[in-house]
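Report on the following structure.
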Amino acid sequence: MRADLAFSYIRRGLLYLGLSVAAFVSIFPFYWMVVGSTNTSPDIAHGKVTPGTYLLENIARFFEMVDVPRMFWNSAFIALVGTALTLIVSSLAGYGFEMFKSRFRERIFAFLLLMLSIPFAALMVPLFIMMSRLGLINTFTAVIVPGIASIFIIFYFRQATKAFPSELRDAARLDGLNEWQIFVHVYIPVMRSTYAAATIIVFMANWNNYLWPLIVLQTVENKTVTLIVSALSYAYVPDYGVIMISAVFATLPTVLIFFLLQRRFVEGMLGAVK
Amino acid sequence: MSSVKLSGVRKSFGSVEVIKGVDLEVDSKEFVVFVGPSGCGKSTLLRMIAGLEPITEGELEIGGVRMNDVDPSKRGIAMVFQSYALYPHMTVRDNMGFALRFAKVPKPEIDRQVNEAARILALGPLMDRFPKELSGGQRQRVAIGRAIVRQPEVFLFDEPLSNLDAELRVHMRIEIARLHKELQTTIIYVTHDQVEAMTLADKIVVLRDGVIEQAGRPLDLYDDPANQFVAGFIGSPRMNFLPASVVEKGSGSVTVALAHHDGVRLTLPVTGAEPGQDVTLGVRPEHFGPAGAGGADLVLDIDVAEHLGSTSFVYARAAGEPLIIEREESRNGDETRITVSIDPAKAYLFDKQGQRIR
């Protein structure tokens, strides 16, 4: 009996130890980033992990070194327009796949899912050549367009649409709405939790996108936050304080979006239709 | 108000035919109920009338006008769904006025019609609530209100009470009957609950496997079923069926012997059967009388007795065959064996194909 109790304590202790390590690994980089943004580069290099007093200096130097408003505008434009277009196109596709029956529906959908298995690295070069032939290199269009029809988001919307009551569509048809009006006036409002969750996922993916913008955006004035932040670390003598504050700035929009849509995000991930 | 006419209506999903040629006339202001077991096509038929399912073959007329290819919103119909189908993001008021807003009806007129429907259904205090803040019964009333606001020629109800509890179902049933009286509209109502069908309908249409088995007034179907299916479907508890064979034919009557009851014979006022023919005898639970009351006596072993107060239903076996007997006088829970008699004047005879022998 006592051995059982001891075993239970040990098991629980190990569990908490494991969870604590996982929590530390998850939280520490974020903590270090925030604390680092208040310290000088030498302090950070020496491993200082307590808050310092150099926050404003770091911010000032960051604004000196980088055209911050421009960088944010570039990222915001790409992320917002890209997110809006992705949601429109992918939710329409998800809705269509679930609502309209056709003999080829499942085959086409399976083919789309198969596309998920192709790594982006394999598509990068053909995509670049396509964009180059279309004369779109170094434009935001080239960054946004390839992501608009997101197979993952189409899949996500199709799954979520399974919970959309078909009787609502019938009722709307009897009320005189055509398919587009049903989509706009009934489907979108009813599925707003799904849209909120998808907004967070797509916005974060767009905001954090690095590889593709790195390839197609070639002039400094068009570069996005991720490219600039990463470029800061390539300097001959990197200023870690500035790098940390730039990372803080880069993180803020996604954190903001997440907190704004948090409640709906949870509902959306649970597939709630209310 | 409008009549509805279906002529040779068929519906196929791919190679599967689900409605196999339906001819039906629904008179103006008539309350018609489609009943039948699950999968019989009653909801599909209703959806075809609504325009939510295309008609593969045949003609649909509403108010004398062919409606096969007319948009659902322009057929002059309104539908109440089993799951209510209220728009969850709109208040009760907005739900009810949505169709009119889309039809560009002026706002004062929308308000007038919505308020009138709210008055009829006593929805006043609920108008600014969202559907999730309403009970099942309230939601169903809002769904009916939404239909009323459209001022349809024909109301279509698709199992509207199935999601409600027993008490509320009775209440809403009365409400719908009252509404029919007040609005004087044509109503087509789908249910699998034959109590709803019997209490609400002017005309019941019994469907099976996509064909109409019988259509007529509720008590006509009850008293004079066309076949064994209708006889078994209409009436609760259902009719008892006993295998038998014709042993003798007289003038204006036949005598049958029950297959599993040696020596039990019954003479029925039927002429359409021939000696030697295998038949099925149908007896409603309430048509068993006390032993020796005439006809034939059966000895039953009681499995379960349900005493409902005014009456009792006895679930029993006679020579291994399950039977349900209604006994108004019985309140004795200790009986294990009883003898009852079959009233031959109220028994039915069916042939091997299930058709009524008259």
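The values are calculated or read from the model by the stated rules, or taken from the named source; none is laboratory data. Because the structure is predicted, anything quoted here is derived from the model rather than measured. Neighbour counts run over all protein chains shown; Cβ positions are idealised from the backbone, glycine included.
The single condition among (1) part of a loop (DSSP other than H, G, I, E, B); (2) under 22 Å from B:Glu182 (Cβ atoms); (3) among the polar types (S, T, N, Q) that B:Asn115 does not meet is (1). For first residues located in segment B:61-77 and more than 14 Å from chain A (Cβ to nearest Cβ), partners that are charged (D, E, K, R) and surrounded by fewer than 16 Cβ atoms within 10 Å (Cβ to Cβ) and lie 6+ apart or on another chain with Cβ distances below 7 Å form the pairs B:Arg66/B:Glu59; B:Asn68/B:Glu59. Number of residues in segment B:94-104 that are within 8 Å of another protein chain (Cβ to nearest Cβ) and either acidic (Asp, Glu) or surrounded by 21 or more Cβ atoms within 10 Å (Cβ to Cβ) (or both) equals 2. Being within 14 Å of another protein chain (Cβ to nearest Cβ), in contact with an Asp or Glu (Cβ under 8 Å, 6 or more places away or on another chain) and not aliphatic (A, V, I, L, M) holds for only one residue in A:Ser102, A:Ser193, and it is A:Ser193. Show the residue pairs meeting these rules: Cβ distance below 6 Å; 6+ apart or different chains; first residue within segment A:61-75 and among the small types (Gly, Ala, Ser); second residue not in a helix (DSSP H, G or I). So the pair list comes out as A:Ser75/A:Thr224. Just for helices (runs of 4 or more DSSP H) wholly inside segment A:1-118: which have at least 3 residues that are modelled with pLDDT of 90 or more? Filter on segment A:1-118 gives A:2-36, A:55-65, A:68-99, A:105-115.
Checking each residue in segment B:209-227 for being among the charged types (D, E, K, R) and crowded, with 19+ Cβ neighbours inside 10 Å picks out only B:Glu213.
Kindly check whether there is at least one residue in segment B:154-167 that is assigned to a helix (DSSP H, G or I), surrounded by 19 or more Cβ atoms within 10 Å (Cβ to Cβ) and out of contact with any Ser or Thr (no Cβ under 9 Å at 6 or more places or on another chain). Looking through segment B:154-167, none of the residues is assigned to a helix (DSSP H, G or I), surrounded by 19 or more Cβ atoms within 10 Å (Cβ to Cβ) and out of contact with any Ser or Thr (no Cβ under 9 Å at 6 or more places or on another chain).
Per the listing B:Leu266, B:Leu281, the residue uniquely part of a strand (DSSP E or B), among the hydrophobic types (A, V, I, L, M, F, W, C) and under 11 Å from B:Asn240 (Cβ atoms) is B:Leu281. Evaluated against (1) crowded, with 17+ Cβ neighbours inside 10 Å; (2) of a type in the set (A, V, I, L, M); (3) not in a loop (DSSP other than H, G, I, E, B), A:Met124 falls short on exactly one condition, (1). When each of A:Val81, A:Val25, A:Val34, A:Val89 is tested for being of a type in the set (Val, Ile, Thr), in contact (Cβ under 8 Å) with a residue 24 or more places away in the chain and not assigned by TED's automatic domain parsing to the domain that holds A:Ser246, the lone residue that passes is A:Val34.
The requirement of being surrounded by 16 or more Cβ atoms within 10 Å (Cβ to Cβ), among the hydrophobic types (A, V, I, L, M, F, W, C) and in contact with a Gly (Cβ under 8 Å, 6 or more places away or on another chain) is not satisfied by A:Ala250. Can you name every residue in segment A:253-262 that is without any contact (Cβ under 8 Å) to a residue 40 or more places away in the chain and not β-branched (Val, Ile, Thr)? Hits for segment A:253-262 are A:Leu256, A:Phe259, A:Leu260, A:Gln262. Considering every residue within segment B:223-230, establish whether at least one is touching a helix residue (DSSP H, G or I) at 6+ places or on another chain (Cβ under 9 Å), modelled with pLDDT of 90 or more and of a type in the set (Phe, Trp, Tyr). No, every residue in segment B:223-230 fails to be touching a helix residue (DSSP H, G or I) at 6+ places or on another chain (Cβ under 9 Å), modelled with pLDDT of 90 or more and of a type in the set (Phe, Trp, Tyr).
On the given criteria, is A:Thr161 surrounded by fewer than 20 Cβ atoms within 10 Å (Cβ to Cβ) and either more than 11 Å from chain B (Cβ to nearest Cβ) or on the phi > 0 side of the Ramachandran plot (or both)? So A:Thr161 fails the test. Exactly one residue out of A:Glu179, A:Glu167 is surrounded by fewer than 20 Cβ atoms within 10 Å (Cβ to Cβ), within 25 Å of A:Arg105 (Cα to Cα), acidic (Asp, Glu) and within 11 Å of chain B (Cβ to nearest Cβ): that is A:Glu167. Residues in segment B:82-93 that are surrounded by fewer than 22 Cβ atoms within 10 Å (Cβ to Cβ) and either of a type in the set (Phe, Trp, Tyr) or more than 11 Å from chain A (Cβ to nearest Cβ) (or both): how many? Qualifying residue count, segment B:82-93: 3. In the set (1) in contact (Cβ under 8 Å) with a residue 12 or more places away in the chain; (2) exposed (fewer than 12 other Cβ atoms within 10 Å of the Cβ), A:Lys101 fails one condition alone, (1).
Highlighted here are the helices (runs of 4 or more DSSP H) found entirely within segment A:156-227 that include at least 2 residues which are touching a residue at least 12 places away in the same chain (Cβ under 8 Å): A:166-174, A:192-208, A:211-216. Scanning segment B:27-60 for residues that are more than 14 Å from every other protein chain (Cβ to nearest Cβ) and β-branched (Val, Ile, Thr) returns B:Val32, B:Val33, B:Val35, B:Ile55, B:Thr56. Taken together, the residues in segment B:122-165 that are more than 27 Å from the chain's Cα centre (by Cα) and either on the phi < 0 side of the Ramachandran plot or touching a residue at least 60 places away in the same chain (Cβ under 8 Å) (or both) amount to 12. Within segment B:114-139, the set of residues being within 14 Å of chain A (Cβ to nearest Cβ) and either in contact with a strand residue (DSSP E or B) (Cβ under 9 Å, 6 or more places away or on another chain) or closer than 17 Å to B:Met79 by Cα (or both) comprises B:Val114, B:Arg139.
Taking segment B:293-333 and the strands (runs of 3 or more DSSP E) fully enclosed by it, the elements with 1 or more residues that are in contact with a Lys or Arg (Cβ under 9 Å, 6 or more places away or on another chain) and at pLDDT below 85 are at B:296-307. Might you let me know whether segment A:149-158 holds any residue that is away from every other protein chain (no Cβ under 14 Å), among the basic types (Lys, Arg) and farther than 30 Å from B:Pro88 by Cα? No, segment A:149-158 contains no residue that is away from every other protein chain (no Cβ under 14 Å), among the basic types (Lys, Arg) and farther than 30 Å from B:Pro88 by Cα.
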